[in-house]
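Undergrad: Pasting a structure below so you can have a look.
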Amino acid sequence: MADKNTPMREALRMALMEEMERDERVFVMGQEVGAWDGTHKVTRGFLEKFGARRVRDTPISEMAIGGAAVGAAMAGLRPVAEIMTINFAFLAFDALINHAAKVHYMFNGQFKCPMVMRVASGWGNQATATHSHTPEMIFAHFPGMYVAAPSNARDAKGMLKAAIRDDNPVLFSESIALYPKPAVVPDDPDFLLPIGKSDLKREGQHVTLVAWARGVEWALQAADTLAKEGVQCEVIDLRWLRPLDTALVFESFKKTNRCVVIEEALPHFGVGAEIAAQIQDNLFDYMDAPIKRVNAMDVPLPYAAELEMLALPNAQKVVDAVREVL
Amino acid sequence: MAAALPEKATLLEWYRQMVLIRRFEERSKELFHQKKIGGVYLHLYNGQEGTGVGALAALRPQDHVITAYRDHGIAIARGVDPNRIMAEMYGKSTGVSGGKGGSMHLASREHNFWGGYAIVGGHLPLAAGIALKAKYNGDDEVVLCFIGDGATNNGYFHEALNLSAVWDLPVVWLIENNLYGMGTALEDASGQTKLIKRAIAYDMKAFDPMDGQDVFEVHETVKKAVDYARKKGPVLLESMTYRFEGHGMSDKMYAARVDEMSRFKARDPITLLHDKLCELYPDIGPTLDTIDKQCEAVVTESEKYAENSPAPTFEDLTRHIYV
């Protein structure tokens, strides 16, 4: 086998399978992870390969999925719990925030919580208001949690493997829109990407575009368009919302003195707000323009396809924002 | 009781634990009012000692214990050092949780005491997860999970019990029914007030409700339940008991329940055990008096230990956020 073009869902599947082969303590649990092959087919064939002990279908009980993963992790296993979509992870929020993120601290290091909660995230395909959230930053609000949000298949593999091997709880967000999108994915079973390390996707000297998950695609598309006009965008993929790595962002901003943050999520109290706050706090003297945010519109997502498209960010909205700061 | 009584040394140990818990809680209450112990709650175990002590005596060291925020008595009965419990309540670095957990978050990994948890019902799926570890690894271990009656009405109870039934997990779910969830009476909170009947919903093994004031009955029942859980799967138990000090320090309602309180105080679990011991061993009085004094000394010592322990430092503030 050699590195090859692989869709993100397959890259995630490789990562999970390799880690389960590597470490007996790793197991998957969640709704439809077994006989159904996973709602998003990330665990396709796992039940057959690993058996029902390590591939555990659960009832529709998000509170119990979250809490049982915490308990199993504290006791020495390494659960990878799948919540079908991040919208349903709100039901597991208490287990994640009050327990996964706190047991290590609150009991003074007596317990660890090496669990991963995989969630599918994002807008689009007329999934409607309750099924279209991208609320990763809410989970990233809390110390004790890590939050991963890969933008492509290669990163997804290296980040998921690192998350599973880490001793801290990780919310691992997988953008539904990115599942079918391919990238060249290493087949090295020890291909790991470090936790909390952002990635320089494209160099440029005029403006810094900061994005994560699906936002990276829009940023890169906008950079292509603007390059034709002689505007060179530097594009940075945060990859992780916690730990939030601002090193590359700051380095880039010192050069460009301008920044646009692109995310699929809603604007209020978002990643864009955090990046803007950190830049003004640390690099005030370098600022030549207001920091702009490109987000989804501040509305619950409606069903009608036309309205949905209006509400979502896209590359053109990024281009427009860049023009405002130049 | 049909079963043979445990030997004298065991009974004296139960007596010691129950008296120690009572003295510890009485002193904790005073220290709370003196503001030596912080927080706004302090949930005391007075009155429920028969349940905690009787139940924990049915476990082996490799078994696991987890409970809610009314956790001081459980920690003591599990053998955690009272000095370190008191130090935790003082918020000192020598506390079981380094002064970062407080009264509601005692834990001791070495005792397989997984902690007190303060989100009502939140620890139930954790118990299921710990039991899953045992089952997954083929370890011969059981999890004993204490549940307040108030926790039986939130989603965690349903989801965790159901999951344990689906997966045949080795958990003993023990409801400590002290008749109130904070200030709300059971009949105002539960459609089904016979909480043991909840087991029917999960086709789960259950035993008849226990007299929680009778440490013998609790011990005997929990022992049977632990055996069952070890071999077959989850069990639901209900212990009928009472809080002598109300929900916590902010509870202004409990003192008004005079008749109910006097009914339960007439069946104080410590008095019942004391009387039983005197009946079994007519000349045991001086021994019990000695134990009473020893327990007082242990509590006094724990207070001194806490007083003299250092506060956590600035470094502790940011330690253990991540591994």
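The values are calculated or read from the model by the stated rules, or taken from the named source; none is laboratory data. Just so we're clear, the structure is a prediction, and the values are computed from it rather than from any experiment. Don't worry about glycine lacking a Cβ; one is built from the backbone with ideal geometry, like all the others, and counts go over all protein chains shown. We work out accessible area using only protein heavy atoms, side chains counted, and drop any ligands, DNA or RNA first. Shrake-Rupley method; radii C 1.70, N 1.55, O 1.52, S 1.80 Å.
Undergrad: Yes or no: region B:94-101 includes at least one residue that is open to solvent by 30 Å² or more (accessible area, probe 1.4 Å), in contact (Cβ under 8 Å) with a residue 60 or more places away in the chain, of a type in the set (Lys, Arg) and within 25 Å of B:MET210 (Cβ to Cβ). Reasoning before the result, please.
TA: Taking region B:94-101 first, the residues open to solvent by 30 Å² or more (accessible area, probe 1.4 Å) are B:94, B:100.
Those left that are additionally in contact (Cβ under 8 Å) with a residue 60 or more places away in the chain: B:94, B:100.
Add one more test, that the residue is of a type in the set (Lys, Arg), and what stays is B:100.
Remaining after also requiring within 25 Å of B:MET210 (Cβ to Cβ): none.
No, there is no match, as no residue in region B:94-101 is open to solvent by 30 Å² or more (accessible area, probe 1.4 Å), in contact (Cβ under 8 Å) with a residue 60 or more places away in the chain, of a type in the set (Lys, Arg) and within 25 Å of B:MET210 (Cβ to Cβ).
Undergrad: Okay, next question. Where the second residue is at pLDDT 95 or above and part of a helix (DSSP H, G or I) and the first is closer than 23 Å to B:MET249 by Cβ and of a type outside the set (A, V, I, L, M) and lies in region B:182-201, which pairs have Cβ atoms under 8 Å and are six or more apart or on separate chains?
TA: Note: pairs meeting the criteria are B:THR184/B:GLY150.
Undergrad: Additional query: Picking from B:GLU13, B:GLU7, B:GLU25, B:GLU30, which residue would you name as being buried (at least 21 other Cβ atoms within 10 Å of the Cβ) and out of contact with any Gly (no Cβ under 6 Å at 6 or more places or on another chain)?
TA: Numbers: B:GLU13 fails: buried (at least 21 other Cβ atoms within 10 Å of the Cβ); B:GLU7 fails: buried (at least 21 other Cβ atoms within 10 Å of the Cβ); B:GLU30 fails: buried (at least 21 other Cβ atoms within 10 Å of the Cβ).
Checking each option against the conditions leaves just B:GLU25.
Undergrad: Would it be correct to say that A:ALA148 is touching a His at 6+ places or on another chain (Cβ under 6 Å), more than 30 Å from B:VAL142 (Cβ to Cβ), among the small types (Gly, Ala, Ser) and open to solvent by less than 10 Å² (accessible area, probe 1.4 Å)?
TA: Spelling it out, it is not the case that A:ALA148 is touching a His at 6+ places or on another chain (Cβ under 6 Å), more than 30 Å from B:VAL142 (Cβ to Cβ), among the small types (Gly, Ala, Ser) and open to solvent by less than 10 Å² (accessible area, probe 1.4 Å).
Undergrad: Taking region B:70-106 as the search range and keeping residues that are among the charged types (D, E, K, R) and under 19 Å from B:PHE314 (Cα atoms), which one is nearest to the other protein chains (Cβ to nearest Cβ)?
TA: B:LYS100
Undergrad: How many residues does region A:30-64 hold that are free of Cβ contacts under 8 Å to residues at least 40 places away in the same chain and within 14 Å of chain B (Cβ to nearest Cβ)?
TA: Of the residues in that region, 16 qualify.
Undergrad: Could I ask something else about it? Filter region B:285-299 down to the residues that are in contact (Cβ under 8 Å) with a residue 24 or more places away in the chain, open to solvent by less than 80 Å² (accessible area, probe 1.4 Å) and either farther than 18 Å from B:TYR45 by Cα or among the aliphatic types (A, V, I, L, M) (or both) and list them by number.
TA: Of everything in region B:285-299, those that are in contact (Cβ under 8 Å) with a residue 24 or more places away in the chain, open to solvent by less than 80 Å² (accessible area, probe 1.4 Å) and either farther than 18 Å from B:TYR45 by Cα or among the aliphatic types (A, V, I, L, M) (or both) turn out to be B:THR287, B:LEU288, B:ILE291, B:VAL298, B:VAL299.
Undergrad: Restricting the search to region B:107-128, which residues are assigned to a loop (DSSP other than H, G, I, E, B), crowded, with 24+ Cβ neighbours inside 10 Å and at the interface with another protein chain (Cβ under 8 Å from one of its Cβ atoms)?
TA: Within region B:107-128, B:ALA107, B:TYR117 qualify.
Results for (1) small (Gly, Ala, Ser); (2) closer than 19 Å to B:ILE76 by Cα; (3) in contact with a Ser or Thr (Cβ under 8 Å, 6 or more places away or on another chain), shown as yes or no for each residue.
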| residue | (1), (2), (3) |
| --- | --- |
| B:TYR254 | no, no, no |
| B:MET261 | no, no, no |
| B:ALA266 | yes, no, no |
| B:ASP275 | no, no, no |
| B:LEU280 | no, no, no |
| B:GLY285 | yes, no, no |
| B:CYS295 | no, yes, no |
| B:THR313 | no, no, yes |
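Undergrad: Sticking with this one: Would you be able to say whether some residue in region B:260-274 is open to solvent by 60 Å² or more (accessible area, probe 1.4 Å), out of contact with any strand residue (DSSP E or B) (no Cβ under 8 Å at 6 or more places or on another chain) and more than 26 Å from B:VAL222 (Cα to Cα)?
TA: yes
Undergrad: Looking at region A:63-86, which of its residues are closer than 26 Å to A:HIS131 by Cα and surrounded by fewer than 24 Cβ atoms within 10 Å (Cβ to Cβ)? Reasoning before the result, please.
TA: Of the residues in region A:63-86, the ones closer than 26 Å to A:HIS131 by Cα are A:63-70, A:79-86.
A:MET84, A:THR85, listed by residue number.
Undergrad: Output the helices (runs of 4 or more DSSP H) that fall wholly within region B:262-323 and possess 1 or more residues being closer than 30 Å to A:ALA163 by Cβ, or say none.
TA: Where helices (runs of 4 or more DSSP H) fall fully within region B:262-323 and carry at least 1 residues being closer than 30 Å to A:ALA163 by Cβ, they are B:314-317.
Undergrad: Please verify whether B:ALA131 is touching a Pro at 6+ places or on another chain (Cβ under 6 Å), within 10 Å of chain A (Cβ to nearest Cβ), buried (at least 24 other Cβ atoms within 10 Å of the Cβ) and not acidic (Asp, Glu), treating the condition exactly as stated.
TA: It is true that B:ALA131 is touching a Pro at 6+ places or on another chain (Cβ under 6 Å), within 10 Å of chain A (Cβ to nearest Cβ), buried (at least 24 other Cβ atoms within 10 Å of the Cβ) and not acidic (Asp, Glu).
Undergrad: Only residues that are touching a residue at least 24 places away in the same chain (Cβ under 8 Å), within 14 Å of another protein chain (Cβ to nearest Cβ) and open to solvent by 50 Å² or more (accessible area, probe 1.4 Å): list them for region A:101-139, please.
TA: Of everything in region A:101-139, those that are touching a residue at least 24 places away in the same chain (Cβ under 8 Å), within 14 Å of another protein chain (Cβ to nearest Cβ) and open to solvent by 50 Å² or more (accessible area, probe 1.4 Å) turn out to be A:LYS102, A:TYR105, A:LYS112.
Undergrad: Of everything in region A:188-217, what is within 19 Å of the chain's Cα centre (by Cα) and crowded, with 24+ Cβ neighbours inside 10 Å? Give them in sequence order.
TA: A:LEU209, A:VAL210, A:ALA211, A:TRP212, A:ALA213, A:ARG214, A:GLY215, A:VAL216
Undergrad: Continuing with the same structure: Pick from B:TYR242, B:TYR228: which is outside any helix (DSSP H, G or I) and either open to solvent by 20 Å² or more (accessible area, probe 1.4 Å) or touching a Lys or Arg at 6+ places or on another chain (Cβ under 9 Å) (or both)?
TA: Every option except B:TYR242 fails the conditions.
Undergrad: Filter region B:134-155 for residues that are within 24 Å of B:GLY212 (Cα to Cα) and either assigned to a helix (DSSP H, G or I) or within 8 Å of chain A (Cβ to nearest Cβ) (or both) and give the result.
TA: Across region B:134-155, the qualifying residues are B:ASP149, B:GLY150, B:ALA151, B:THR152, B:ASN153.
Undergrad: May I pose another question? Can you spot a residue in region B:74-93 that is assigned to a loop (DSSP other than H, G, I, E, B) and open to solvent by less than 20 Å² (accessible area, probe 1.4 Å)? Give the steps one after another, and end with the answer.
TA: Of region B:74-93, the ones assigned to a loop (DSSP other than H, G, I, E, B) are B:78-81, B:91-93.
Now narrow it down to the ones that are open to solvent by less than 20 Å² (accessible area, probe 1.4 Å): B:80.
Scanning region B:74-93 turns up at least one residue that is assigned to a loop (DSSP other than H, G, I, E, B) and open to solvent by less than 20 Å² (accessible area, probe 1.4 Å).
Undergrad: Moving on. In region A:291-320, what residues are open to solvent by less than 30 Å² (accessible area, probe 1.4 Å) and either in the same structural domain as A:GLN126 (by TED's automatic domain parsing) or part of a strand (DSSP E or B) (or both)?
TA: Correct list: A:VAL294 only.
Undergrad: Same structure, new question: Determine whether region B:195-202 contains at least one residue that is of a type in the set (D, E, K, R), within 27 Å of B:ALA77 (Cα to Cα) and either open to solvent by 20 Å² or more (accessible area, probe 1.4 Å) or part of a loop (DSSP other than H, G, I, E, B) (or both).
TA: no
Undergrad: A follow-up question, please. Sort through A:PHE142, A:PHE172 and tell me the only one that's under 26 Å from A:HIS99 (Cβ atoms) and within 14 Å of chain B (Cβ to nearest Cβ). Give the steps one after another, and end with the answer.
TA: Details: A:PHE172 fails: within 14 Å of chain B (Cβ to nearest Cβ).
The unique qualifying residue is A:PHE142.
Undergrad: Next question. Hey, does region A:239-246 have a residue that's modelled with pLDDT of 95 or more, more than 30 Å from A:HIS131 (Cβ to Cβ), touching a Leu at 6+ places or on another chain (Cβ under 8 Å) and open to solvent by 40 Å² or more (accessible area, probe 1.4 Å)?
TA: For region A:239-246, residues modelled with pLDDT of 95 or more, more than 30 Å from A:HIS131 (Cβ to Cβ), touching a Leu at 6+ places or on another chain (Cβ under 8 Å) and open to solvent by 40 Å² or more (accessible area, probe 1.4 Å): absent.
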